[in-house]
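Data first, discussion second: the structure below is written as structure tokens.
The values are calculated or read from the model by the stated rules, or taken from the named source; none is laboratory data. Everything numeric here is computed off the predicted structure, so don't read it as measured data. Please note: Cβ atoms are built from the backbone with ideal geometry, for glycine as well, and neighbour counts cover all protein chains shown.
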Amino acid sequence: MESAQVEINQINCDTCRGSGWVNSLDNACQQCGGKGYVQEVRGIKLYWGEKMRAVPPLIRKSIRRLSAIIEIGSWALGLLFTIVGGLNLYDSLKAHQNLKPNLHFLFDLFFAGWATAFFWLGLFLMVVVLYHRAVFMKRKPISLLEKDYQYILADQFKQKNKPIAIDISQSADLKTLQVLANALDLAYSKNQAPNTMHLLYALMMDSQVHQLFQKLEIPVNQFIKQAGRDMVFNQATKNIALDGTYKNYLFQAFWEAVKTDEPTIKPKNLLFVIISQDFFRPILNKYTIQAEDFHNVSLWNKYKNLKVTNFLSKKSYKKPPHHIMNRSWSAVQTKTLDQFSTDLTDYARVGWLLPLVNRDKEMRMLTRVLQRSSKNNILLIGQEGSGRDAMARGLARRIVRNKVPSLLRDKRLVKLNVGALGVGGGDGSLLKARVEAIMAELIKTKNVIIYIPDIHNLSKVKSVTSMDIISFLAPLFSKSVIQVIGSTTLKGYRRHIEPRGEFAQTFDTIKIQELDKENSLKVLSIQIPIMEKANRVTITYSAAEEAIDKSRQFITNKLLPQKAIDVLAEAIVRAKNTKGKSLVTKNEVLEVFSEKTGIPVTKIGRDEAEELLNLEREIAKKVIGQPQAVKNTAAAIRRMRVRIGESERPIAVFMFLGPTGVGKTELSKALAQVYFGSRDRMTRIDMSEFATPYDLERLIGDSLGNVKGQLTESVRINPFSLVLLDEFEKAHPRVWDLFLQIFDDGRITDGQGRVVNFTNTILIATSNVGSRLILTTLEQGISIDKVKPQIKTELMKKFRPEFLNRFDDIIIFNALTHENIKQIALIEIKQLNQRLETEQGVTVKLTDQALDYLAKIGYSPEYGARFLKRTIRDKVEDAIVVGILKQKYQRGSEIVIDKHDMESQNR
Amino acid sequence: MLNAIPFYITKISVKSVQWLTGLVYFWLVRLPLGYWKKAITANVFFEGGWATYVTARNLFEPLYQDYTVMGRVLGPIFRIGRVLIGIVIHLILLILEIIGFLLFLGFVWLAPVWFVVNLFIWNQ
């Protein structure tokens, strides 16, 4: 069904402004024939037939009270008549001999006389009140799922025999009508023309809509205030009616309901329409919420009171009843199988299985293969947590509900507990005997589809006769006498199943992919009510969304939605046990991530945009004399992060060029601190140690796990870090090729076949290529920019162009000036002072001459500022240490060091 | 002529007629039909477990895949027994439902008739 292909014409009557009436409700507008606002679709006129107008609140209240009084009065009267008449009837029947039921008795019962007429009147009255309440007054909207509506958008539309006009108000929920009436009354009481604000306010009074706002952590009053701030309120006209503007909203809500397969137009449909108006976008943005989020939250209520929610939230280990006989007495009892398996259809029958989300395509393939006469076994291939088990559960639900082709009806779907099979038999012979018994039962009973999770594990088991289980099973499976659904991982399939050709051949494969964010949210909308009930907490929508977003970013070894569910489970524990509260919000989720990843919560929670904007300033505080390098690095990182969609790459890949001691490592450390929250979040690998192709193993580990990969292990343990590849040019070209893949895909497979994710790392390769040139330039006093092309040429000689292209930026560091060294020295002295003050209670101050002298002897063009620290230790720290030992300085004193103090240290 | 009558009188009249016709339809048609709709669910529920119809359809299928001669002989015997028991239970249910329907007719459906009739019978 696609409404986009259908053209919709709107007609709004000018005379009645879309209300359909003039002056009074019974006076239909002559111009439009009382329809007011019409949408014409494929020649059919859709209109809102329910005419409404504002009524003074007092009158509406009075009418409601009066009808309630009449109804309660009728009930009371009916009951009174029945009791009084019943007593009279009993009195008159008492005259009957022993109250024996015979023909006379019956006659006396129904023709007892006028005094008992009250009894019949009372009964009659009560049924009439029931009719009035449950039939006449009950609004029974025409379902939008009925053919009358569905054909409007159907592809095979035929005008023949179809109505030419449809009243869509017949499909509106009673609550929607109440919302509209409330909105009109509100406008009336304020003497304003009805506008969107009145409708929004009336919607907020609806309990379901109110709940949506609560779940989204939006304070209702504040929201209304903000929404109403810029709204223009016009003076009320004579008649406050349901006009074209409101009807337009109602039609949008109608299409929305049709498209989302809702049976009626509900207040929430109206809310989605209003919230989606451009007018509300800035207000929603303030709460970082999109109109789409209201849709997702509304799903939560849907799953709140399901039987499965109640069952699973009780954490019960109760087993559903299992019927040995099937309905047609055709199946055989399966004793051994029942001992080592779980009957999923039993669980589905009592409603203890969760619904399946967004696997229609896979389910179609599954049922199609199972119907075949040959090769009708299925292998579900997917990572752990991708939803292979959920597929089996989904099939069980369908079988029980008869939503499967006739061949699969009345079948049992049984999950084999492979782990339990081998218990008690050390050599595997017992396992083989059990498997044989199970297979014999399956062959005989014919009505069982067996689900074997992680089927590749079977291949690892060998019996004493050295024949493994798979060799035994393969011929059985190939003959199609048993129907099997197996599940495996891609690795398990490659290693254990694919090499066994005869076994692999018996299966058709279905790949189960990870769910995307949208569908993960749907799964969460099923899971969260269970978690809420089980733990007696409330989980907000933003907590769920954050759990998905952040787990996508930070947890790379698990799949959605499982990883988000795990995080939420931890957040619940945190909220309940640590904070003692029953509301789980975004903050608890962020704290969990902080604990898991080791990144401070302020870092995780902070707006990344803000962080990126301040990046440059923060780094510049720590790195002296390299403004260009700092600028380029910050700019490259910004570029990379803003480029949405290319998340399958490291955060940034840089090459730092320049002589020794100019701040390449310092910049890397500063970057680690600013971006990952700590200077320790840096792994430094000396690439000169990997000069031969055989050293590759030390980098990624060997297949047996004896040698741990220096690179892969550090990133596996600490995926949010900076990797500094020192002296990159000295590594072997085969090692470079390895990095080519990391730079490109953001992932690599280690020696043991595990995928290591680099998408949360910053990779920096440093090189001394062109250092000589830089030094010469410096000596000659030429600007470094002039020799950059020459440096690039030298680089090209060393590395292949496709390799250099993988770097986000190649940054050339300046040689440091004397002034820079002085600044660095000052930073170092400042750090020394902090240490001295806490430990000895003294501070140190250098005179200008002393600082000048320090910068002079602490720097060399060849080694840069590398020896500055050592010089400070030799010249400054030593002098102070001697002074402290001689008790020359008292606590609280300031030690002033002059140039000659340092010179004397030479002697 | 119609325009001279106030709107609310027309509306109340139309609503009253709707209410009355609705009541007549409810009393005569929907109540008895509603009773049978509810009553028949007992049979459907029983059939869901006992499967009389499915058993009758597989009358000559041996029980529990026992394709021996004995199995083939015993199958129809047991199945016929099951079908017969099923039919009897269905009939018992039906009789109970009919009794219930008669009670419904006597005490609810005909209540207005009894009211009118008893009104004119003078008590002794």
Lone unmet requirement of (1) surrounded by fewer than 16 Cβ atoms within 10 Å (Cβ to Cβ); (2) of a type in the set (Phe, Trp, Tyr); (3) within 11 Å of chain A (Cβ to nearest Cβ) for B:Trp27: (1)
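Does region B:1-24 hold any residues that are small (Gly, Ala, Ser) and facing chain A (nearest Cβ under 10 Å), and which are they?
Taking region B:1-24 and keeping what is small (Gly, Ala, Ser), we get B:4, B:13, B:16, B:22.
Residue satisfying the conditions is B:Gly22 alone.
For region A:498-532: of the residues being farther than 24 Å from A:Ser459 by Cβ and among the β-branched types (Val, Ile, Thr), which is surrounded by the most Cβ atoms within 10 Å (Cβ to Cβ)?
Our first condition is that a residue be farther than 24 Å from A:Ser459 by Cβ; within region A:498-532, this holds for A:513-532.
Of the ones still in play, those that are also among the β-branched types (Val, Ile, Thr) are A:523, A:526, A:528, A:530.
On the way: A:Val523: 23, A:Ile526: 21, A:Ile528: 28, A:Ile530: 22.
Among those residues, the one meeting the criterion is A:Ile528.
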Residue ID - surrounded by the fewest Cβ atoms within 10 Å (Cβ to Cβ), chosen from residues in region A:774-830 that are in contact with a strand residue (DSSP E or B) (Cβ under 8 Å, 6 or more places away or on another chain) and among the β-branched types (Val, Ile, Thr): A:Ile784
Residue within region A:766-773 that is part of a helix (DSSP H, G or I), surrounded by fewer than 16 Cβ atoms within 10 Å (Cβ to Cβ) and of a type in the set (Lys, Arg) present: yes
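For (1) within 12 Å of chain B (Cβ to nearest Cβ); (2) part of a helix (DSSP H, G or I); (3) farther than 30 Å from A:Lys190 by Cα, each residue gets a yes or a no:
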{"site": "A:Lys51", "(1), (2), (3)": "yes, no, no"}
{"site": "A:Lys61", "(1), (2), (3)": "no, yes, no"}
{"site": "A:Leu66", "(1), (2), (3)": "no, yes, no"}
{"site": "A:Leu79", "(1), (2), (3)": "no, yes, yes"}
{"site": "A:Val84", "(1), (2), (3)": "no, yes, yes"}
{"site": "A:Asn88", "(1), (2), (3)": "yes, yes, yes"}
{"site": "A:Phe124", "(1), (2), (3)": "yes, yes, yes"}
{"site": "A:Val127", "(1), (2), (3)": "yes, yes, yes"}
{"site": "A:Leu130", "(1), (2), (3)": "yes, yes, yes"}
When residues of region B:30-59 are limited to those that are among the polar types (S, T, N, Q) and in a helix (DSSP H, G or I), the one modelled with the lowest pLDDT: B:Thr55
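Within region A:479-502, restricting attention to residues that are in a helix (DSSP H, G or I) and free of Cβ contacts under 8 Å to residues at least 40 places away in the same chain, which residue is farthest from A:Leu408 (Cα to Cα)?
Filtering region A:479-502 down to residues in a helix (DSSP H, G or I) leaves A:490-497, A:501-502.
From the residues that got through so far, the ones that are free of Cβ contacts under 8 Å to residues at least 40 places away in the same chain too are A:492, A:494-495, A:501-502.
Values: A:Gly492: 29, A:Arg494: 30, A:Arg495: 32, A:Gly501: 28, A:Glu502: 26 Å.
Here the answer is A:Arg495.
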For A:Val481: the one exception among (1) modelled with pLDDT of 85 or more; (2) within 30 Å of B:Tyr67 (Cβ to Cβ); (3) among the β-branched types (Val, Ile, Thr): (1)
Subset of region A:47-73 [among the small types (Gly, Ala, Ser), out of contact with any strand residue (DSSP E or B) (no Cβ under 6 Å at 6 or more places or on another chain) and surrounded by 11 or more Cβ atoms within 10 Å (Cβ to Cβ)]: A:Ala54, A:Ser62, A:Ser67, A:Gly73
Flag if A:Ile438 is buried (at least 20 other Cβ atoms within 10 Å of the Cβ), modelled with pLDDT of 85 or more and in a helix (DSSP H, G or I): yes
Lone qualifier among A:Lys533, A:Lys491, A:Lys550, A:Lys444 - being modelled with pLDDT under 85, among the basic types (Lys, Arg) and either closer than 25 Å to A:Ser594 by Cα or in the same structural domain as A:Tyr287 (by TED's automatic domain parsing) (or both): A:Lys550
Scope region B:57-115; condition of a type in the set (Asp, Glu) and either in contact with a strand residue (DSSP E or B) (Cβ under 9 Å, 6 or more places away or on another chain) or within 14 Å of chain A (Cβ to nearest Cβ) (or both); matching residues: B:Glu61, B:Asp66
Residue ID - surrounded by the fewest Cβ atoms within 10 Å (Cβ to Cβ), chosen from residues in region A:31-44 that are touching a Lys or Arg at 6+ places or on another chain (Cβ under 9 Å) and closer than 18 Å to A:Cys16 by Cα: A:Gly34
